[in-house]
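A.B. asks: First the structure, then my questions, so here it is.
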Amino acid sequence: MAGLLGQWLARLGEDVAGVSDALFGDRVERQLDHDIRGIDDALHQVRADIASAKASRIVARQREQELRTQIADLTAQAERALRGRRRAQAREAAERIVALQVLCHEEHAQVQALQVREAELAHVLEHGEHQLRRLKHQVDILRASASLQQAQASVARRRSAETAHPEPAMAPAHRARQRKAVDGPVSRATPVPPKTAGDNAADDILERIARRMKQKSTHTPPTTR
């Protein structure tokens with residue numbers, strides 16, 4: 001399964017590199033969505049392979065430990081047989097030890113191979129997840145660009161419509177009259193006509209007459225009866 005993911009990544013490396021030069025559109029987005037689904041499925045399988053390799057490694061490690069325990073027990077039996085001068089029993093234990101050691105070495109090699117396998121799959125998984133993030137980022141860019149283009153097209157259509165149907169020349173004056181009708185008539189102060197030279201002279205005469213009248217009322221003696 002890692003080989004399949006490797007093929008995906010090899011092809012996607014070329015696709016992603018060319019996305020920036022491609023025209024943004026539905027075709028590119030559909031292709032990216034297809035690639036995202038494909039690599040996501042492949043990564044799902046890689047994770048399953050890692051879990052399987054880990055489980056097999058744990059089992060192989062347990063079998064190795066069990067074999068080592070059996071070898072230790074048989075070694076102790078062979079020593080006791082030699083001390084008791086039971087050479088045949090010691091020989092039999094030694095032969096069983098040899099067979100178990102072969103199995104133990106096989107299990108140990110299996111453990112090491114599975115560890116290498118896990119490391120390889122983990123590297124593939126990391127690389128694939130990085131590529132997946134890049135693809136999703138490219139999709140986000142495409143969608144943001146499409147939204148921007150739609151907004152720009154909408155503004156351009158609106159401006160085009162306004163240019164095709166210009167506002168009548170009398171429309172601003174009509175709107176101004178409507179605003180005046182809503183706001184009410186504008187109050188204006190009655191203009192005061194400027195004084196002429198004749199008006200000033202008449203005022204002077206009236207003031208002099210008023211002063212004489214005041215003086216007369218002051219110097220007139222009271223009437224006796």
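A.B. asks: Residues Ala144, Ala156: which one is in a helix (DSSP H, G or I) and modelled with pLDDT of 75 or more?
C.D. replies: Only one candidate qualifies: Ala144.
A.B. asks: Also: Give just the number: which of (1) modelled with pLDDT of 95 or more; (2) farther than 15 Å from Gln45 by Cβ does Arg117 not satisfy?
C.D. replies: (2)
Matching residues to (1) in contact with a Cys (Cβ under 6 Å, 6 or more places away or on another chain); (2) within 30 Å of His34 (Cα to Cα); (3) loosely packed, with under 14 Cβ neighbours inside 10 Å:
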{"residue": "Ala60", "(1), (2), (3)": "no, no, no"}
{"residue": "Ile71", "(1), (2), (3)": "no, no, no"}
{"residue": "Val102", "(1), (2), (3)": "no, no, yes"}
{"residue": "Gln149", "(1), (2), (3)": "no, yes, yes"}
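The values are calculated or read from the model by the stated rules, or taken from the named source; none is laboratory data. Note that the structure is predicted; figures quoted are calculated from it, not measured. Backbone-built Cβ (ideal geometry, glycine too); neighbour counts: all protein chains shown.
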